[in-house]
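Remarks on the structure that follows.
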């Protein structure tokens, strides 16, 4: 087989790879179901933390609020609320919402997990 | 050069491309929406929505948040989740906001509970006397229609909620971190609670029908509780007592049969007394009726009791 034929074969294979990539990434990409909350869009994360703050306002239960926040990932509850507070300030949340987040942040900064509190 | 060589090269390339894009480096999400969350995380998300609603009583915004989960019937999903939580033995404090939200979604306006009372299930029944609907939470709601509770604010809030949560587009390149599993409840069990009389008029028994259906469960006592407009009401406590014990259960835990539906399985030759919430209707001396099928063979029938608020 001549070199030109090999080049044709390689070019055809490359075209096939390109087609496969387009199909697998664009036309029929892997669909995700059953995902974990740590990949939620920032808007949804912020709204989730906002809900925790709203619930915390009446419940005042540090343990419950911390566990709810833990759903969003392995960061500490205070870090999660801090980043949400930054997001809220940048995205024109209402002052009332920012106050609620601030209250939750203050609570989470004083929160000590039960295991850590025990000697 | 034969065309077969080119075709084989194309197929080989295609296979390599698909293998890479589907298995080695598939599209990954970094900006997911709540509707593709795993079922247990959706439950957790719903619980937080309900807890938030219990604090804010903002039904419009809560509806918008529930829509993010992509449930076709948010109220039904909440009821189903409450059932799962009851079955899992979770605390009444954790379940109550969910049933409250489901009820408010159904009636279309916010109920602000004046007091929430939690009633422990009294486990003195014999093993065969098991109610089909078992829950352990009730509330004493005061109905405040949104029409009289600043509807403009409600609408504005709901609108801002929907506009604040745009649907994200999936993007590539993402590194996933492990999640910490959540504990389902943090409340200590409470062995005894004092039931408080709820506000509103007591229920009255308006209809009592014998149910003779050979295919039905023997001794099944069905309850349907409605308000004065005949709209079924969930979350109403029913107490059934007999010589050897007592059971408490609530309407609305079988939403597929109606939000005001509950049932209880009677045993033959046992007299039961029924009471619907504190101060409500009390029906003494109820026992499973005897029915006859087309061949004259006797079997245990059931009752359909309909209660209504006057």
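Mind checking whether some residue in segment A:61-68 is surrounded by 18 or more Cβ atoms within 10 Å (Cβ to Cβ), within 15 Å of the chain's Cα centre (by Cα) and either more than 8 Å from chain B (Cβ to nearest Cβ) or modelled with pLDDT under 95 (or both)?
Yes, the conditions are met somewhere in segment A:61-68.
Could you please let me know if residue A:83 is surrounded by fewer than 24 Cβ atoms within 10 Å (Cβ to Cβ) and closer than 18 Å to residue B:30 by Cβ?
Yes; evaluated as a whole, the condition is true for this residue.
When you scan segment B:73-86, do you find a residue that is facing another protein chain (nearest Cβ under 8 Å), buried (at least 20 other Cβ atoms within 10 Å of the Cβ) and modelled with pLDDT of 90 or more, even just one?
No: zero hits.
For (1) touching a helix residue (DSSP H, G or I) at 6+ places or on another chain (Cβ under 6 Å); (2) within 7 Å of chain B (Cβ to nearest Cβ); (3) modelled with pLDDT of 85 or more; (4) surrounded by fewer than 19 Cβ atoms within 10 Å (Cβ to Cβ), each residue gets a yes or a no:
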| residue | (1), (2), (3), (4) |
| --- | --- |
| A:6 | no, no, yes, yes |
| A:10 | no, no, yes, yes |
| A:13 | yes, yes, yes, no |
| A:19 | yes, yes, yes, yes |
| A:26 | no, no, yes, yes |
| A:33 | yes, yes, no, yes |
| A:43 | no, yes, yes, yes |
| A:47 | no, yes, yes, no |
| A:51 | yes, yes, yes, no |
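Which residue pairs have Cβ atoms closer than 6 Å, lie 6 or more positions apart in sequence or on different chains, and pair a first residue in segment B:46-58 that is more than 8 Å from chain A (Cβ to nearest Cβ) and within 12 Å of residue A:58 (Cα to Cα) with a second residue that is buried (at least 21 other Cβ atoms within 10 Å of the Cβ) and at pLDDT below 95?
B:53/B:62; B:53/B:101; B:57/B:110
Would you check which residues across segment B:256-276 are farther than 26 Å from residue B:299 by Cα and surrounded by 22 or more Cβ atoms within 10 Å (Cβ to Cβ) and list them?
Within segment B:256-276, B:259, B:260, B:276 qualify.
Just checking: which of the helices (runs of 4 or more DSSP H) contained wholly in segment B:1-69 hold 1 or more residues that are surrounded by fewer than 17 Cβ atoms within 10 Å (Cβ to Cβ) and in contact with a helix residue (DSSP H, G or I) (Cβ under 9 Å, 6 or more places away or on another chain)?
B:3-19, B:59-67
Considering only segment B:218-230, state which residues are assigned to a loop (DSSP other than H, G, I, E, B) and either surrounded by 13 or more Cβ atoms within 10 Å (Cβ to Cβ) or modelled with pLDDT of 85 or more (or both).
Answer for segment B:218-230, where residues must be assigned to a loop (DSSP other than H, G, I, E, B) and either surrounded by 13 or more Cβ atoms within 10 Å (Cβ to Cβ) or modelled with pLDDT of 85 or more (or both): B:218, B:219, B:227.
Say whether the condition of being more than 23 Å from the chain's Cα centre (by Cα) and closer than 24 Å to residue B:82 by Cα is met by at least one residue in segment B:237-252.
The answer is yes; a qualifying residue exists.
The values are calculated or read from the model by the stated rules, or taken from the named source; none is laboratory data. It should be emphasised that the depicted structure is a prediction, and the values quoted were computed from it without experimental measurement. Ideal geometry is used to build each Cβ from the backbone, glycine not excepted, and the neighbour counts take in all protein chains shown.
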